[in-house]
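The values are calculated or read from the model by the stated rules, or taken from the named source; none is laboratory data. Fair warning: this is a prediction, and the values are worked out from it, not measured in the lab. Cβ placement follows ideal geometry from the backbone for every residue including glycine, while neighbour counts extend to all protein chains displayed. Heavy atoms of the whole protein, side chains included, go into the accessibility calculation; ligands, DNA and RNA do not. Shrake-Rupley method; radii C 1.70, N 1.55, O 1.52, S 1.80 Å.
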Amino acid sequence: MKRNLGSLILIVFVLSAELFSYEWTAYASKKEAYINDSVHLKYECDFKDDGALYTIDFYPKADAKLFDLRLLHRNEKILDGKKRVVFEYVAKLKQAGEVSFDFKVHMKKTTLDSIVYTSGSRDDDKGDSNFILDEVDLETLKVSVLEHSTSIIGEFTLEVKEDKKEIQAYEPYHLDVKISGLGNFDDIKAIKYTIDGVKVFSQKPLTQLTLTKDGYKGEWSQKFAFVAQKDFLIPDVEIAYFDKKTSSIKRLHIQKTQVKVQEIYKKEELLDEVSESLKFNFEYLYYILTFLAGCLVSKIKFKRSKMNSEDTLFVNKVNKIKSINELSILLILHNQKLFQDIIREMDSSEPISLVKAKKKAINLKIKKRL
């Protein structure tokens, strides 16, 4: 009887050691938040020893309707011979109401048989029977999600860079917009400008972000180029967001801009002026003949010369273009002054064909080098 009692005490002691060999705790950074706000979730597992025999499988899944989930950190360290494992996540809240974070974790413990088996001392294959798998229900964390009138929430600042407000016709006017701060940058939509008589070229928004406990921190930027023949007005733009610190609506305001465009004289106007003022003088004959000779020499040189690497790259880019609009963008960005006549022809009421425009652009580029 005493022997049986001793065995029972030993079994209880072993089971107690198994049950209390680790402990999980859970933490949420806030109990109340707003739609599109971020909540920091932390789960800690403290072992009574070094936890060498344990493997933790913890892969919580997001609820597509209620929240997104991103892993922030997974840290593991031993303090005074005891292991602590910490998992940190950032949840972005999507819907008003109460959101529950109810996750499970699998604790896999290696048995003595498994150690013997993996060391090669045994030949039989017991597979998963060499491990003890324990599923643990973690503490449920709840957050009340409140509504607000905008889709963007955070703390932001705005920086706008502009060109000088007086340009020549077909010279691009550049505008750069940058938003910095902390918040849900992915909900900031691309800015769109539509201005009569103005071609607007815009870059897709770019972000440089770092995930933090409070959400994403970094920059959102978008670049624009405006091309026109006459003066134009860039309208103002406002981006409303909910400021978490003041719990109020704030606005990032891009001021309207009036751009003055200096028109370029048309070819026919210049020819008229020249025909009225020019008086023939036989002394010019020598210079005319010299000029013609130079043209002939340049043509011969052109036929014999080979394109350099810059010309080849330009020609390849032009040949790949499939629309007048794409060609216009390339010529403006490459050298708008050199190609301004071609750009004007493409933008006229009766634009030239794409094939002809490509040919003229390539010839003009190569002639400039020669």
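For residue 132 and residue 44, the FRET efficiency from 1/(1 + (r/R0)^6), where r spans their Cβ atoms and R0 equals 22 Å, is about 0.50.
Atom-type composition of the exposed protein surface of region 182-245 places 47 percent of the accessible area on carbon and sulfur (1.4 angstrom probe). Annotation: per residue accessible area for region 167-245 equals 52 Å², rounded to a whole number [probe 1.4 Å, protein chains only]. The slack between residue 333 and residue 194, meaning 0.36 nm per residue of separation minus the straight C-alpha distance, is 48.0 nm. Each principal axis of the Cα atoms in region 161-267 has its own extent, and those three values, largest first, are 63, 25, 20 angstrom. The slack in the chain from residue 86 to residue 350, taken as 0.36 nm per residue of separation less the alpha-carbon distance, amounts to 88.2 nm. The shape of region 178-226 comes out prolate: with a ≥ b ≥ c from the C-alpha gyration tensor, a/c is at least 1.5 and a/b beats b/c. Be a star and scan region 31-70 for residues whose amide nitrogen sits under 16 Å from the point 7 Å along the Cα-to-Cβ vector of residue 142. Only 31-33 fall inside the zone, counting backbone N under 16 Å. Counting only protein heavy atoms and a 1.4 Å probe, region 26-80 has 61 square angstrom of accessible area per residue.
Per residue, the convex hull around the alpha carbon atoms of region 306-370 comes to 75 Å³.
What is the local net charge at residue 44, summed over the other residues whose Cβ is closer than 10 Å to its Cβ (Lys, Arg +1; Asp, Glu -1)? Within the 10 Å Cβ shell, the charges total -1.
When only alpha carbons are used to place a centre, region 329-370 and region 35-92 end up 59 Å from one another.
Using just the C-alpha positions of region 36-103 as equal point scatterers, what log10 of I(q)/I(0) does the Debye formula give at each q in 0.16, 0.19, 0.20, 0.29 1/Å? Cα-only, vacuum Debye calculation for region 36-103: -0.62, -0.76, -0.81, -1.31.
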